[in-house]
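As structure tokens, the structure follows; a few thoughts come after it.
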Number of protein chains: 2
Amino acid sequence: MSVTAARGFRAAGVRAGLKTSGKSDLALVVNDGPFDIAAGVFTTNRVVAAPVVWSRRLLAGQEGGQPGRARAVVLNSGSANACTGSQGLRDTEATAARAAGLLGVEPGRVLVCSTGVIGERIDMPVLLEGLDVATLALADTPRAGTDAATAIMTTDTVSKEDTLTMGAGEERWTIGGMIKGVGMLAPGLATMLAVLTTDAVLTPQEAQDALASVTARTVNRINSDGCMSTNDTVLLLASGASGNTPSRAEFEEALTEVTSRLGRRLVADAEGATHDIAITVSGAVSEAAAEAAARTVSSSNLLKCAVAGADPNWGRVLSQLGTVPEDVCPFDPEEVDVAINGVTIFRHGAPDQDRDSVDMSPRETRIDITLSAGQAEATVWTNDLTHGYVTINADYTT
Amino acid sequence: MSVTAARGFRAAGVRAGLKTSGKSDLALVVNDGPFDIAAGVFTTNRVVAAPVVWSRRLLAGQEGGQPGRARAVVLNSGSANACTGSQGLRDTEATAARAAGLLGVEPGRVLVCSTGVIGERIDMPVLLEGLDVATLALADTPRAGTDAATAIMTTDTVSKEDTLTMGAGEERWTIGGMIKGVGMLAPGLATMLAVLTTDAVLTPQEAQDALASVTARTVNRINSDGCMSTNDTVLLLASGASGNTPSRAEFEEALTEVTSRLGRRLVADAEGATHDIAITVSGAVSEAAAEAAARTVSSSNLLKCAVAGADPNWGRVLSQLGTVPEDVCPFDPEEVDVAINGVTIFRHGAPDQDRDSVDMSPRETRIDITLSAGQAEATVWTNDLTHGYVTINADYTT
């Protein structure tokens, strides 16, 4: 139960034949309204896939529709349609056009997302035929939502959905969502495709503001492997079908909850990971400073290998923390404390409690860094670096 | 033949007992003059080890000696003496004082370098006793140079030395050097200890200028695993014993040659590596822009895993290149070419030659990125990310 949990949405996920594995690879999410509000945040990579170019322009009102409006999203796995030149963009346009024809809407109302191998053209006859099948399969059932979430998986081992309902009776409104992404999870926007749906009544601006603000503090604070995707896209579709208009604070709180939980599942399924690591920097001069420090620590291969080996190697934390520029995050190294899973093994610039007292057996590993420079705090999630990650990524395309 | 190749130098490497493995762990390099010129470049990490604090101050003339002068270097492996608080600094001072007493010089003329585990105090009685033995073992022979190079190894699998002699007869002068470092090799200064010796006649300023300029373009362009050390130190000692004064250009050229070759050996011995990867960015608007782009590409775990799997996955090159900020390195993604081992598989924003025609079997892998934005070029060296790296670093301290 995910993208179909909110009223006004149908979805489908089918086997088009884009994946050599024969697994399902094409998802369709349709907003039946009454409203067709849409918002999106995209990768900040300068090399972006054709569907990102298309969807960004569409939401800006540059593909014939109004800004902030869309009726449907087509999502395929198997090919990222990135680095495919002008042919790639024509393929994305053809995808939107075919879906639009099937759904009886304008092509400028159909968002497109792709994920998979970079640099290979999508098999268009297969994709277009798959769209016919997906349209026939559209339903507003939980099963249809799960089918869609399954069809966008790449090296994900489980599909990832979440839903949250607020209010009761006639006041009830819902946010649901699906997400994929287990590698290339990095700064700038955690690498992923995600579609969030709600039946709350929102304006395009409210939807965009809420999505930008919430993703910045949730999925954008995941750094699995430091590698930024060409295809990152998080979309929010609002049908207004509940007739309920939550306050901005209410809506952002609910969206934060759903998006955090979906992000948490990404980390839990990160390629090869055996530990999920929450790096919390507190006592910083600002939230931005805390986030920068936590993000820097989260990018240490040495720390991530140490955690894989169940080794509370706080030297790796300190050596990485020291690479944050002073103007970005001021602190005095002599005032820093580090705790791993609740045990303070480094205090005020010198070793403290015995590292052997740290229990590294839980999957969730908490690294708490206190800077004693201010009051602000931020958490960035990462995961350990294991043999499994190397195996998966040494053999990804061959 | 390395630090003892130039006239005026003696060295030793002994088993003090700092390493649990029982391997040699203490090196001493002495400059017998007639001059005692010294220069150093150090990690830019904000968290620095006690010996870095000491050696930096010493070369600045803040430890009782003159700026740019030193008679000897003590180097130990087994412990980095980093994150050890004020006790760590007292330990470094005691090390310099003991060596100074044994050599009959002032403590403010003895540089100290440490490498090994972060956060553990050095076993000082063992170190000080080892210094007595090392002093007795000092010699100007090739064997003594190799002993010193061996004693500074941590997870290095081979010792790394190099030497270059310029001129002939009475005009002859020599540069020699040793280096260690196979993990935590990163931006800001490739993580390493290195001692370069020369019998050329140099002023302290000439030595410092040459060292800073040469390291910036050689060892500082190695990015093995993106992790910056707390202990990075590259020292240059000049005895003047040849009586020859090379021109600045001559000296820098020779120093570049020796330092490049030593750096190349670091990459070749990088933890777990099976491929050495040279990433060359050309057609950039400036050398700094080219270096920034090459450094960014060199930090992609996904690319490094792909190379480990002998997979010419140029999508990983493009997606990583796209994360370089535009103000740092301007280019148009549609104008970029990428060649791997001489085969152009991506040209002007679209796939070109067949990836299957790339031969990935050589250990040296060349990735050439042409930006078509200007005339400048830079190369950054990295290596692949393998199971071996994970194994080594999952079990480093436990």
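The values are calculated or read from the model by the stated rules, or taken from the named source; none is laboratory data. Just so it is clear, the structure is predicted and the values come from calculations on it, not from any experiment. Glycine gets a Cβ as well: all are built from the backbone with ideal geometry, and neighbour counts include every protein chain shown. Keep in mind that these areas ignore ligands, DNA and RNA; they rest on the heavy atoms of the full protein, side chains included. Shrake-Rupley method; radii C 1.70, N 1.55, O 1.52, S 1.80 Å.
Sorted from nearest, the other copies put their B:GLU326 label points 3.3 nm away, the label point being 7 Å from Cα in the direction of Cβ.
According to the Cα-based calculation, Rg over Rh for segment A:37-114 is 0.94, with Rh computed by the Kirkwood formula. For segment A:86-165, a Kirkwood hydrodynamic radius built from all Cα pairs, placed in the Stokes-Einstein relation at 37 °C and 0.692 mPa s, yields a translational diffusion coefficient of 230 µm²/s. For chain B, calculate the relative contact order in percent as a whole number, restricting contacts to Cα pairs under 8 Å that are 6 or more residues apart. 18 percent. Based on Cα contacts under 8 Å between residues 6+ apart, segment B:276-396 shows a relative contact order of 45 percent.
How large is the charge dipole for segment A:9-269, taken about the Cα centre, if only the Cβ atoms of Lys, Arg (+1) and Asp, Glu (-1) carry charge, to the nearest 20 debye?
Numbers: 23 positive and 28 negative charges, 104 e Å.
I would put it at about 500 debye.
Only Cα pairs under 8 Å and 6+ residues apart enter the sum, and on that basis the relative contact order of segment A:120-180 stands at 24 percent.
In the calculated pair distance distribution of segment B:276-396, what percentage of Cα-Cα distances lie above 17 Å? Distances greater than 17 Å cover 53 percent of the Cα pairs. The residue among A:VAL234, A:SER372, A:VAL117 whose Cα reaches farthest toward the positive pole of the charge dipole of the protein assembly as shown, with charges on the beta-carbon of Lys, Arg, Asp and Glu, is A:VAL117.
State the percentage of accessible surface on segment A:48-141 attributable to carbon and sulfur atoms; use a 1.4 Å probe and exclude ligands, DNA and RNA. Don't jump to the answer; show the numbers that get you there.
Working: 1730 of 3470 Å².
Solvent-exposed carbon and sulfur of segment A:48-141 make up 50 percent of the total.
Counting only DSSP beta bridges with both residues in the protein assembly as shown, what percent are antiparallel, rounded to the nearest 5? Intermediate results must be reported in sequence, preceding the final value.
Details: 98 of 138 bridges.
Taking every DSSP beta bridge within the protein assembly as shown, about 70 percent pair in antiparallel fashion.
Label-point spacing for A:ALA94 across the identical copies (point 7 Å from Cα in the Cβ direction), in nm and ascending order: 7.6. Stokes-Einstein, applied to the Kirkwood radius of chain B over Cα pairs at a viscosity of 1.567 mPa s and 4 °C, places its translational diffusion at 60 µm² s⁻¹. Taking 7 Å steps out from each Cα toward its Cβ at A:THR245 and A:GLN62 produces label points 3.1 nm apart. Hey, can you list the residues from segment A:28-69 whose accessible area shrinks by 30 Å² or more with all protein chains present, relative to the chain by itself (probe 1.4 Å, no ligands or nucleic acids)? Those are A:ASN45, A:ARG46, A:VAL47, which lose 30 Å² or more relative to the chain on its own. Think of it as helices only: each DSSP H run of n ≥ 4 in chain A is worth -39500 (n - 2.57), and spread over all residues that comes to -10000 deg cm²/dmol at 222 nm. Annotation for B:VAL158 and B:ARG363: the two label points, set 7 Å from Cα along the Cα-Cβ direction, are 0.6 nm apart.
Across the protein assembly as shown, counting alpha-carbon atoms alone, Rg and Dmax equal 28.9, 98 Å.
Under 15 Å of direct C-alpha separation, and excluding same-chain neighbours fewer than eight residues apart, B:LYS19 reaches these aspartates and glutamates: B:GLU120, B:ASP123, B:GLU129, B:ASP156. Annotation: the antiparallel percentage among DSSP beta bridges lying fully within chain A is about 70. FRET efficiency for the pair A:ASP132 and A:GLN375, taken as 1/(1 + (r/R0)^6) with r the Cβ-Cβ distance and R0 = 51 Å, rounds to 0.35.
A full extension of the chain between B:GLU334 and B:GLN353 corresponds to an added length of 5.2 nm, given 0.36 nm per residue minus the alpha carbon distance. Considering protein heavy atoms only and a 1.4 Å probe radius, which residues within segment A:299-324 exhibit an accessible-area decrease of no less than 50 Å² in the full assembly relative to the chain by itself? Residues shielded by partner chains are A:ASN301, A:LEU302, A:CYS305, A:ARG316, A:SER319, A:GLY322. Within the full protein context, the accessible area of A:SER77 is estimated at about 0 Å² for a probe radius of 1.4 Å.
For the B and A pair, go ahead and give the buried accessible area with a 1.4 Å probe, both sides summed, in Å² to 100. It would help to have the intermediate numbers written out before the result.
Values: alone 15550 and 15590 Å², together 26720 Å².
Chain pair B/A: roughly 4400 Å² of buried accessible area.
For segment B:254-342, the convex hull spanned by the alpha carbon atoms encloses 115 Å³ per residue.
Of all lysines in the structure, the ones whose alpha carbon falls short of 30 Å from that of A:LYS23, not counting any fewer than 8 places away in one chain, are A:LYS160, A:LYS180, B:LYS304. Label-to-label distance, A:ASP32 versus B:LEU89, with points set 7 angstrom from Cα along the beta-carbon direction: 7.2 nm.
Mind listing which GluC sites (Glu not before Pro) in segment B:261-339 are in a DSSP loop and have 15 or fewer other Cβ atoms within 10 Å? Kindly include the intermediate steps, with their values, before the conclusion.
Working: sites: B:GLU271, B:GLU287, B:GLU291, B:GLU326, B:GLU334, B:GLU335; in loops: B:GLU271, B:GLU326.
The qualifying sites are B:GLU326.
Distances, shortest first, from the label point of B:THR344 to those at the same position in the other copies read 6.1 nm; the point lies 7 Å along Cα to C-beta.
Report, to the nearest whole %, how much of the accessible area of segment B:248-336 belongs to carbon and sulfur atoms, 1.4 Å probe, protein only.
Details: 1280 of 2590 Å².
It is 49 percent, rounded to a whole number.
Entry comment: accessible area of chain B is 34 Å² per residue, from protein heavy atoms only and a probe of 1.4 Å.
Provide the solvent-accessible area of A:ARG90, counting protein heavy atoms only and rolling a 1.4 Å probe, rounded to the nearest 10 Å². Around 120 Å² of this residue is reachable by solvent.
Overall, segment B:276-396 carries a charge dipole of about 300 debye about its Cα centre when +1 sits on the Cβ of Lys and Arg and -1 on the Cβ of Asp and Glu, all other atoms neutral.
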